[in-house]
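Colleague: My structure is below; once you've seen it, I'll send some questions.
The values are calculated or read from the model by the stated rules, or taken from the named source; none is laboratory data. Keep in mind that what you see is a predicted model, and the values were worked out from it rather than measured. Cβ: placed from backbone, ideal geometry, glycine included. Neighbour counts: every protein chain shown.
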Amino acid sequence: MLEFDVTLDRSGFSLQAVQQLPLQGIWGIMGRSGCGKTTLLRILAGLEKKAKGQVRWRDQLWQCSEQRIWVEPEKRGIGYIFQDGRLFPHLTVQGNLDFAIKRRVSAQGPDLDDIVQWLGIEHLLHRSVSYLSGGERQRVAVARALSGNPRLLLMDEPMASLDWSSKISILPVLRQVYEHFGVPVVVVSHDREEVARLATDLLLMNNGQVVDKGSCKSLLSTPGHALASDDQALAVLEAEVKQHNPCEGVTELWVEGQKLVVDSMTEEAGSSVRIVVPAHDVSLMKGHSVQTSIQNQLDTVITAASEVGDHHLLLQLQLGRQNLMALITRRAWNRLELALGQNVVACFKAAGLSAF
Amino acid sequence: MGGMEESVLEAVRVTLLLASITTVILLLIGLPLAWWLTRLRSRIRPLFEALIGLPLVLPPTVLGFYLLLAFSPDNFFGRLWLDATGSGLAFSFSGLVVASVLYSMPFVVQPLQRAFEQFDHGLLEAAAMLGSGPLDRFMNIVLPSCLRPLLLAACLGFAHTIGEFGVVLMIGGNIAGETRVLSIALFDAVETHNFQQAHLIAGGLLVFALVLLFVIYSIDRKGGRR
C-alpha cells in the first residue's frame, strides 16, 4: 500500500492529493498536461523537496513534514523512468546498468543477464548511449531502473518521445514488468490509449487534484463519465486467446463467446489478453456481411447514446458483460434508423489492432 | 655563466612548484566552490562571483598590498599563521602560495562554473533514483562528464600563476630559491643589464605560454564541438 497526503504550492499552481493505492499491478495517473500528474510522481519519488504532507510506503514513512521526516530519494528504493530516458552519456549501456547494480541496497534482486535478455538489449551493451534510437534508449532506461532492484517503479510518460513503431514494441514490455519482476508500477500519461493498454487501475487528475479513481476498464467505459463521452473514447475488452493462424498472420480470440481476429501475437492459447478499441474505429451494420474486408463483426445491443459535438453520437454497445463504444454521425443514426435496445453488428478492422 | 644558468634553473623550479601547488589547491577549493555557486539560488550569488572575479580587474599591487597587511603578525590572519606554523607569511613561499590561490582563483572557478551550469542536472535525479548519494553523484556523474572543462581550468590556473608578477613583487620579494619566480628573475636581469639572461627567461616564458595556450584552446575547441 502506498499512502500519501501531500500538497505543493508553486506560483500559479497548487497540488493537493490524498490517496491510498493498493500496489498490485499497474496504476495509471492520467490528466491533461499541466494537471500536476508528473509533479505528483516526483513528490512520491522524493524529487520535490518543497512538498508538504506525508508519504508512506507500507510501514515506512518516507516523508512527514509534521515530524520532520524526510527520506532522501536515493534511500527510497524507487526506480524512475524519465520521459527522456536520462541515460548517463559518459558511460556505455553496460556502464549505465552497472551503475545501478553497484548501488543496490541488497545484493538480491533480478539477475542482470535476465533483465538484459528480457528487454532484448544484449546487442546494445557495448554501445555508447549517444547512438541509441528513442526506443532503444527507453529499453535501456527500463533495464537500468530494474537493475537497481526497485520496490516500486515510477514511469513518467515513458512513451511520449517515441514514434509509433517503438511504442508498439515497448508497450508489452512495460505492461509485463509487474508480472515478470513483481515490481508494482505507477505510470503517468496524458494518452488515453496508452493508459488503457498499460494500466489496471487509474487515478484521474485535473488542476492539481485527483478527481476520480477506479479500475481502468470501468473509468474508461462508464457511460457519461468524462473519459467515455468525447470523440477520444475507447473500450477495453478482456479476451481469451483461442488459436494462432501463422499462415495468415493473425490470432483468433474469444470475447464473450464471439470470435475476434487480431494481428498475430505470441501469447499461448488459453491466456487472457486485453484489447483496446477506440470508438472512432468502430462502425455499425444492421446484419452480418461477408462482402467486406472487415473481419471483426460482433453482435451487440445499443444501450446508450450521447451527443458529441453537433454532428456525432457516441454509442454504448453491450457485448455480453462487457462494453464496446462506437462514434458515428447523426446522419448514420438517422439513415440506419437506429434506436436504443436495438441489435447491431459492431465492426472493426483486424489490421492494426493488437492485443496486450 | 654556470652560476647564471643555475639561478635561472632555481627560478624555474620555484615557479613550477608554485604553479603546481597552487593548481592542486585551486582544484580542491574550486570544484566545490564552483558547484556550490552553480546550485546557489540566492540574490547574493553575484556578490560571491564578484569577490572571486576581483583579481581579473584589480591591479595586482592592490591585492598584494592588502595581502601584505593581512600577513602582518599584527593582524588576525598573520598571527594565526604565525602561531600555527612558527613562521611568517610575508616574503615566504607559503605566502606566495596563498596569494597565488587568490589571484588565480577566477581562472579556475569560472570555467568550472560554466561547465557545471551547462551540465544536465536531470542526470543527478536519475542517479539519485538509482541509489546514488550526493558525493557519489558528484564524483561519478558530474566530474566524469566535465573532464574537459576540468583540464581547461587546471591549465588556466597553472598558466596564470606562472604569469603573475605584481603580487609576487609586493609580498614575495626576491629571495633566490624561495620566492624568486621567473617573472621576478626577468625583472631582475633587466634591472642589472643582464640581457642574455633576460632573453633566456623571456623567450622561454613566451614559448611556454604559447604551447600552453595552444593546448588550452585545443581543449576548449573540442569541448565546443562535442
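Colleague: Name the single residue that is farthest from A:Phe348 (Cα to Cα) among those in region A:213-242 being acidic (Asp, Glu) and either crowded, with 17+ Cβ neighbours inside 10 Å or touching a residue at least 60 places away in the same chain (Cβ under 8 Å) (or both).
Modeller: Among those residues, the one meeting the criterion is A:Asp230.
Colleague: Provide a single number: the residues in region A:220-245 that are at pLDDT below 85 and not charged (D, E, K, R).
Modeller: Adding up the residues that qualify gives 11.
Colleague: Please go through region B:164-196 and give me each residue that is assigned to a loop (DSSP other than H, G, I, E, B), touching a helix residue (DSSP H, G or I) at 6+ places or on another chain (Cβ under 7 Å) and surrounded by fewer than 19 Cβ atoms within 10 Å (Cβ to Cβ), ordered by number.
Modeller: If the condition is that a residue be assigned to a loop (DSSP other than H, G, I, E, B), touching a helix residue (DSSP H, G or I) at 6+ places or on another chain (Cβ under 7 Å) and surrounded by fewer than 19 Cβ atoms within 10 Å (Cβ to Cβ), then B:Phe165, B:Asn174, B:Ala176, B:Gly177, B:Glu178 are the ones that fit.
Colleague: Among the residues of region A:337-356, which ones are modelled with pLDDT under 90 and in a loop (DSSP other than H, G, I, E, B)?
Modeller: A:Lys349, A:Ala350, A:Ala351, A:Gly352, A:Leu353, A:Ser354, A:Phe356, listed by residue number.
Colleague: Can you tell me how many residues in region A:130-155 are under 20 Å from A:Leu47 (Cα atoms), within 12 Å of chain B (Cβ to nearest Cβ) and assigned to a helix (DSSP H, G or I)? Before you say what the answer is, go through the steps one by one.
Modeller: Taking region A:130-155 first, the residues under 20 Å from A:Leu47 (Cα atoms) are A:141-142, A:144-146, A:148-155.
Remaining after also requiring within 12 Å of chain B (Cβ to nearest Cβ): A:141, A:144-146, A:148-155.
Add one more test, that the residue is assigned to a helix (DSSP H, G or I), and what stays is A:141, A:144-146.
Total satisfying the criteria: 4.
Let's see how each residue does on (1) touching a Lys or Arg at 6+ places or on another chain (Cβ under 9 Å); (2) more than 23 Å from A:Trp62 (Cβ to Cβ):
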{"position": "A:Ala100", "(1), (2)": "yes, no"}
{"position": "A:Glu122", "(1), (2)": "no, yes"}
{"position": "A:Met155", "(1), (2)": "no, no"}
{"position": "A:Trp164", "(1), (2)": "no, yes"}
{"position": "A:Val183", "(1), (2)": "yes, no"}
{"position": "A:Asn206", "(1), (2)": "yes, yes"}
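Colleague: Name, by its number, the condition in (1) within 12 Å of chain A (Cβ to nearest Cβ); (2) in contact (Cβ under 8 Å) with a residue 12 or more places away in the chain; (3) among the hydroxyl-bearing types (Ser, Thr, Tyr) that does not hold for B:Thr161.
Modeller: (1)
Colleague: Continuing with the same structure: Looking for whichever is charged (D, E, K, R), under 21 Å from B:Gly131 (Cα atoms) and out of contact with any Lys or Arg (no Cβ under 6 Å at 6 or more places or on another chain) here; the options are A:Arg32, A:Arg68, A:Arg127, A:Arg86. Which one fits?
Modeller: Every option except A:Arg86 fails the conditions.
Colleague: In addition: Please verify whether A:Gly79 is part of a strand (DSSP E or B) and either within 14 Å of another protein chain (Cβ to nearest Cβ) or over 30 Å from A:Thr7 (Cβ atoms) (or both), treating the condition exactly as stated. Steps first, please.
Modeller: On the way: part of a strand (DSSP E or B): yes; either within 14 Å of another protein chain (Cβ to nearest Cβ) or over 30 Å from A:Thr7 (Cβ atoms) (or both): yes.
Yes; evaluated as a whole, the condition is true for this residue.
Colleague: Check region A:289-300 and report whether any residue there is surrounded by fewer than 19 Cβ atoms within 10 Å (Cβ to Cβ), touching an Asp or Glu at 6+ places or on another chain (Cβ under 7 Å), at pLDDT 90 or above and not hydroxyl-bearing (Ser, Thr, Tyr).
Modeller: Checking region A:289-300: not a single residue is surrounded by fewer than 19 Cβ atoms within 10 Å (Cβ to Cβ), touching an Asp or Glu at 6+ places or on another chain (Cβ under 7 Å), at pLDDT 90 or above and not hydroxyl-bearing (Ser, Thr, Tyr).
Colleague: Across region A:30-80, what is the total count of residues that are within 23 Å of A:His190 (Cβ to Cβ), among the polar types (S, T, N, Q) and surrounded by 14 or more Cβ atoms within 10 Å (Cβ to Cβ)?
Modeller: 2
Colleague: Among the residues of region B:126-144, what is the count of those that are within 7 Å of another protein chain (Cβ to nearest Cβ), surrounded by fewer than 20 Cβ atoms within 10 Å (Cβ to Cβ) and in a helix (DSSP H, G or I)?
Modeller: Number of matching residues: 1.
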